[in-house]
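Reading through the C-alpha cells given below for one structure.
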Amino acid sequence: MSLFRDQGVVLRTYRLGEADRIVVLVTEHHGKVRAVAKGVRRTASKFGARLEPLSHVALLLWQGRSELDIINQAEVIDHFKTIREDLDRVTKGFSLLEVADQLAQERHADKRLYDMLVGALRALSNVERDPLLVAPAFFMKCLVLEGAGPVLDVCASCGEPESAVELVAFDLTEGGALCRRCRRGRPISPEALALVRKILGGSLAEVLANPPPACAEEVAALATDAMEVHLDRRLRSVRSVAGL
Amino acid sequence: MYTPPLRALIDELGRLPGIGPKSAQRIAFHLLKVPIEDALRLSDAIVSVKERTTLCARCFNVAEGGELCDVCADDRREATTLCVVEDPRDIVAVERTQQFRGRYHALQGALNPLEGIGPEQLRIKELLVRIEEEGITEVILCTNPNLEGEATAMYLARLLNPFGVTVTRIASGLPVGGDLEYADELTLGRALEGRRLVEP
C-alpha cells in the first residue's frame, strides 16, 4: 500500500456508482493501470475534464489492497484539444486508444508502447498535417513491437529475396509479402509496399510530414486488417465509425 | 441461511445498479419489517412503470402507454426549436432550468467507438426525418461535454449542415459557485473562448 507518481494516457472510463469513474490508463512505469477517480462526475469535481479519454496526465495514485488504485491528484500534460475538436481526428484517436488498451498489460511497464502512443497522439494533434497515416503507422509499429511485424524484404512463404522475385501479394496469416508463385491473400502495389517499408524503416517522420500518397488508403486498410488478425478481434473503433 | 423467498429477494435487489450484497441484505430485511401495504406499493410501482411506460414515438423521451410524451403533446411548446440530448434523464435536467421552451430528441446514447456504438445504434435517422417533417429551424446539440458527447455533436453538426437549419452547441465553462483555481485547463480554456461582452 503506497502512493506513487506516474504519467499516463487515459484510454477509457467507466461509470462507477453515483459520481465516480473507473479510469483505465496506460502509464509510463506501471503499464496499464485501472484506478478510481472519486466524484469525477460531479460538476464541482477537482478533476474536471482532466481524466477524459485521450488526456495525457501526470498522476498521484494510491495503490491499496484492491485491484483498483485511487487517483489522488491529476495534472494535465496535454489534453490534445485539436484532436477532440475534429471529428476525423477524434475517431482516429479512439482507434489508437483501443489498440493500446488491447496491447498494454496490467502492471507491466512497456515504455516503448507508452512512448509510441504519446508520439502518435502528438502527431495526430498536429493540424498542419494530414492525419490519415498516423493510426496505420501506429498499428504497424505496434505489430513490430509485439514481434509480429510484417516480412517485407523476402517472400514470406518461399524466402526468395526481393531482388530475385517480385513481391505482389500480402497474406495476413503468413505475416508478410509474397512472390507471384506463392501469392495468396490480397494483392499489394509496389508503392504500398514501399510506404510500409518507409514507415517501419525509420522514415516515419518524413512520411507523416508529407501529404499522404495515393496508396495511403491501401496501407491503412492493410494495417487495420493486420492488427485485427494479430489481436484476433475486430477493432470496434475503426469499424463502428467507418461511415462517419 | 435464508429462506428461499428471502434469498430470491436479496438476489434480485443485488442486481440493481450500485447495490452490493450487503446493501441488498439490509434492504431485504427492511422490507421484511415494513407493513404489507408499503411493500405492495413498491411492487405495484415497479410493475406499473414496466407496463405503462414506453418511449415517446416522436422524441424517445419516456412516455405513458405508447403515446407522445408530455413535452411533445404540449401545444404551447415552440415547435421549431429542437434540443438533442443523449438520454431522457438529460431532458429532466434541461427542463429543470426552465429556460427552454422547445421540444426534445433523445438519441438514446452517444457515439462510442470503443464500445462499438456507431450512428446506427442511435436515433439519428429519426432526428433527420423530424427536421423536415416538423419544419425545425434550430437544433441545439445538448450532448454531454465529454469525448463521446462531443464526437456525437460534431457528427450531427456535419449531418445537419445540408438541411439549412441553425445548429448550436451548448456552451461549456465553469460551474456557478465554482473556483477558478481548481478549474481544469480544458474547461477554463473553453470558458475563455466562449466569453461574452458585458453590458455596461
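Every number here is computed from the coordinates shown, using simple stated rules; none is lab data. Only a predicted model underlies this, so the values are computations on that prediction, with no experimental measurement involved. Cβ coordinates were reconstructed from backbone atoms using ideal geometry, including for glycine residues, and neighbour counts include every protein chain displayed.
Restricting attention to segment B:33-63, the residues that are in contact with a Leu (Cβ under 7 Å, 6 or more places away or on another chain) and either in a helix (DSSP H, G or I) or within 14 Å of another protein chain (Cβ to nearest Cβ) (or both) add up to 1. Entry remark, segment A:14-26: residues being outside any loop (DSSP other than H, G, I, E, B) and either among the charged types (D, E, K, R) or in contact with a helix residue (DSSP H, G or I) (Cβ under 7 Å, 6 or more places away or on another chain) (or both) number 6 in total. Listed by position, the strands (runs of 3 or more DSSP E) contained in segment A:31-121 that have at least 2 residues being more than 8 Å from chain B (Cβ to nearest Cβ) and among the charged types (D, E, K, R) are A:32-37, A:69-78. With respect to residue A:125, is the statement that it is among the hydroxyl-bearing types (Ser, Thr, Tyr) and over 30 Å from residue A:81 (Cβ atoms) true? Against the criterion (among the hydroxyl-bearing types (Ser, Thr, Tyr) and over 30 Å from residue A:81 (Cβ atoms)), residue A:125 does not qualify. Residue A:172 - would you say it is out of contact with any Ser or Thr (no Cβ under 9 Å at 6 or more places or on another chain), under 17 Å from residue A:230 (Cα atoms), surrounded by 18 or more Cβ atoms within 10 Å (Cβ to Cβ) and not polar (S, T, N, Q)? No, not satisfied. Is it the case that segment B:85-98 has a residue that's crowded, with 18+ Cβ neighbours inside 10 Å, among the hydroxyl-bearing types (Ser, Thr, Tyr) and under 15 Å from the mean Cα position of the chain (by Cα)? There is no residue in segment B:85-98 that is crowded, with 18+ Cβ neighbours inside 10 Å, among the hydroxyl-bearing types (Ser, Thr, Tyr) and under 15 Å from the mean Cα position of the chain (by Cα). Looking only at segment B:117-157, residues that are under 24 Å from residue A:50 (Cα atoms) and at the interface with chain A (Cβ under 8 Å from one of its Cβ atoms) come to 8 in all.
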